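Readers should treat all values here as calculations from the given coordinates under stated rules, not as data from a laboratory. Just so we're clear, the structure is a prediction, and the values are computed from it rather than from any experiment. Reconstructed Cβ throughout: ideal geometry from the backbone, glycine too, with neighbour counts over all protein chains shown.
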Amino acid sequence: MTFPTYSAIVLELEGHVAQITLNRPERLNALNDKLLDELDAAFDYLAGVEHRAVVIKGAGRAFSAGYDAGSDSKEIGYADERSAVEDRDRQLRNIEIFTKIWRHPLPVITQVHGYCMAGGTQLCIFSDITIVAEDAVIAASPALPIGGGFISPIWATLVGPKRAKLMSFDAGHRIDGRTAAQWGWATEAVPSDQLDEYVRDLAVSISRTPASILKLKKEAVNRVAELQGLIAISRMGAETDALLHLTPEIQKLQASIKERGLKGAISHFNEVGL
């Protein structure tokens, strides 16, 4: 079967299992416009392809470092060039892509190794099953407080408000895969050297069930999560994040990223604060 050509992701199909690999290893698979657009297009394409499960994983040494916040990134570094409404709409666009994954009729498994930060955790929350390496490094917020209220509220739906606040208030606060599974953010944690085989076997096992049955099973559970407010909660954070992007404090951090680069800005923040 011939697949569309992508550059920021790789799409493959083996048997009844489709695999999408985030393919920006040089940026730890940070989410930029191109990657998100291609992820969106891939799920559109899969809607017309026979399969029974989807696995999303990351190339290289990380699942995803979150939204690309580098000095050349349109996602964060140049948020001050957009109006509040434009920035809100940009954030909602991301949520709409993740919602498409959430509502994909068949099971979606995220396979997490290495780093899974901020926006990368959003992608996982909108999947159906998240299997993490025990030594994975997971953070709900970036190491710089350059936004707020966009990601942590949906963490609260899985781990409760107090743990979500811990992950939000302490910029870049990290947990490992074992803790993520214990908290309920991840489905299961397995040794890193067994992750590939475990997820592969799980996806194949799921794909033994006919697609029509899987579709109705997924829709039944999704209804519960949506009645509990998952989609509404995920969208409401766009306004808070857009508002904070235009505050003097966040604009100061954006300027620091442009001047020092992301690593330099993090180092400066850790030394002197804001």
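Structure notes:
- Distances between placed amide hydrogens fall under 5 Å for L13 paired with Q19, all partners being 5 or more residues away or on another chain.
- Given charges at Cβ of Lys, Arg, Asp, Glu: the chain dipole, positive-most of I257, L39, I9: L39
- Ignoring lysines fewer than eight residues from K100 along the same chain, the ones with Cα atoms less than 26 angstrom from its Cα are K34, K57, K74, K215, K217, K218.
- Antiparallel bridge percentage (DSSP; both residues within the chain; nearest 5): 30
- In this simple spin-label approximation, H173 and R200 carry label points 7 Å from Cα along the Cα→Cβ vector, and these lie 3.8 nm apart.
- Kyte-Doolittle mean at least 0.5 and Cα axial length at least 15 Å: DSSP H helices in the chain: 230-245
- Sorting the segments 94-104, 227-237, 120-130, 203-213 by their residues' average number of neighbouring beta-carbon atoms within 10 angstrom, most packed first, yields 120-130, 94-104, 227-237, 203-213.
- Gap separating the Cα centres of the stretch 36-62 and the stretch 188-260, nearest whole Å: 14
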